[in-house]
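A.B. asks: Here it is: the structure, laid out below.
The values are calculated or read from the model by the stated rules, or taken from the named source; none is laboratory data. Bear in mind that the values here come from a model prediction, so they are computed numbers and not experimental data. Ideal geometry is used to build each Cβ from the backbone, glycine not excepted, and the neighbour counts take in all protein chains shown.
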Amino acid sequence: MNFEQRRHWVDGLRRIPLETVLRAANAQPDDREHAKWQTARGVLSVNGTKFINWNQGRGGGGAIDLAMHLNAFDFNTAVQWLAQRFPCPDSWALAPPPKSHLAIPPSDASRLPGIKRYLTEQRRLPDSLLDPLIQTGRLYADHKANAVFLLLGKHDQPVGAELRGTTGTAWRGLAPGSRKDQGYFFGGPTQSSEVVLCESAIDALSCVVLYPNRLCLSTAGARPNPAWLAPLLAQGLCLYCGFDADPTGDHMAKAMIARHPAVQRLRPPLHDWNDVLTASA
């Protein structure tokens, strides 16, 4: 199997319906809410190709992410686990990914003080970094008290948003229809020649505090080859992969560097950059 064939095969595995993967992992559907499942890792909610674990405040998209989460696998082990259980019918491998309209939540100014307290007190991000983002509308609160971090594409047009829960059960996700291959959230000096890629908006902002002379971008999840990465490298920028210090982050960083050898690994000394920031505060 050559590289292109393997890519299509892995894409097919990724598109296996999440409900099918959950049944294979012995998860049980909730009797009252069809979107919820009882798993060994806690209660999961499924929405199309996305899932969120309400007990752990973690989520993802696609069958491979779900297999990794349910079984605490790394990427390669999750792929092997799926391949052993599913022959990957052509309908999964060839069907185009479902399309959805971009639905960025509107701003709710009454919730803004709450998300600022969360970001400054719990996440230790300084007002001096947050205020310019709020003033330009790149960070705001929605009516559910989520912190909304806009992903900007060409001509600074929103192409999606990262959402971070700031009350009760912490969680993270993306606005429906987000096109994270077309843009990203960023913080730090835009004229910097050094760029750090992080897994989330909060990690990117934490990295800015730790490395104030570097531009820090969020890839909205660990992934090895976002579409906007090659154009950045073509500009001659010095890029660091700052993914989390865990098996997924390490695997995705290794895969990124294999594709783009100019990228260097910048591994957080703790699990992620926000952990480093809060530990030093």
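A.B. asks: In this structure, does Asp74 turn out to be within 24 Å of Lys180 (Cα to Cα), over 19 Å from the mean Cα position of the chain (by Cα) and at pLDDT 85 or above?
C.D. replies: no
A.B. asks: Hey, another quick one. What are the residues in segment 26-55 that are out of contact with any strand residue (DSSP E or B) (no Cβ under 7 Å at 6 or more places or on another chain) and either in the same structural domain as Arg179 (by TED's automatic domain parsing) or not hydroxyl-bearing (Ser, Thr, Tyr) (or both), if any?
C.D. replies: Asn26, Asp31, Arg32, Glu33, His34, Ala40, Asn47, Gly48
A.B. asks: Name the single residue, out of those in segment 168-190 being in a loop (DSSP other than H, G, I, E, B), out of contact with any Lys or Arg (no Cβ under 7 Å at 6 or more places or on another chain) and of a type in the set (Gly, Ala, Ser), that is modelled with the highest pLDDT.
C.D. replies: Ranking the candidates gives Gly183 first.
A.B. asks: Answer yes if at least one residue in segment 192-215 is touching an Asp or Glu at 6+ places or on another chain (Cβ under 9 Å), buried (at least 16 other Cβ atoms within 10 Å of the Cβ) and of a type in the set (Lys, Arg), and no otherwise.
C.D. replies: Within segment 192-215, one or more residues are touching an Asp or Glu at 6+ places or on another chain (Cβ under 9 Å), buried (at least 16 other Cβ atoms within 10 Å of the Cβ) and of a type in the set (Lys, Arg).
A.B. asks: Can you tell me which residue is farthest from Leu197 (Cα to Cα) among those in segment 238-272 that are at pLDDT 90 or above, outside any helix (DSSP H, G or I) and acidic (Asp, Glu)?
C.D. replies: Result: Asp272.
A.B. asks: Would you mind stating whether Leu94 is crowded, with 19+ Cβ neighbours inside 10 Å, in contact with a helix residue (DSSP H, G or I) (Cβ under 9 Å, 6 or more places away or on another chain) and either at pLDDT below 75 or not assigned by TED's automatic domain parsing to the domain that holds Asp244 (or both)?
C.D. replies: Here the answer is no, as Leu94 does not meet what is asked.
A.B. asks: Now, a different point. Quick one: how many residues across segment 195-220 are farther than 17 Å from Ala253 by Cα and not aliphatic (A, V, I, L, M)?
C.D. replies: Result for segment 195-220: 5.
A.B. asks: Against the definition (of a type in the set (S, T, N, Q), touching a residue at least 60 places away in the same chain (Cβ under 8 Å) and out of contact with any His (no Cβ under 9 Å at 6 or more places or on another chain)), how does Ser178 come out, yes or no?
C.D. replies: Criteria met by Ser178.
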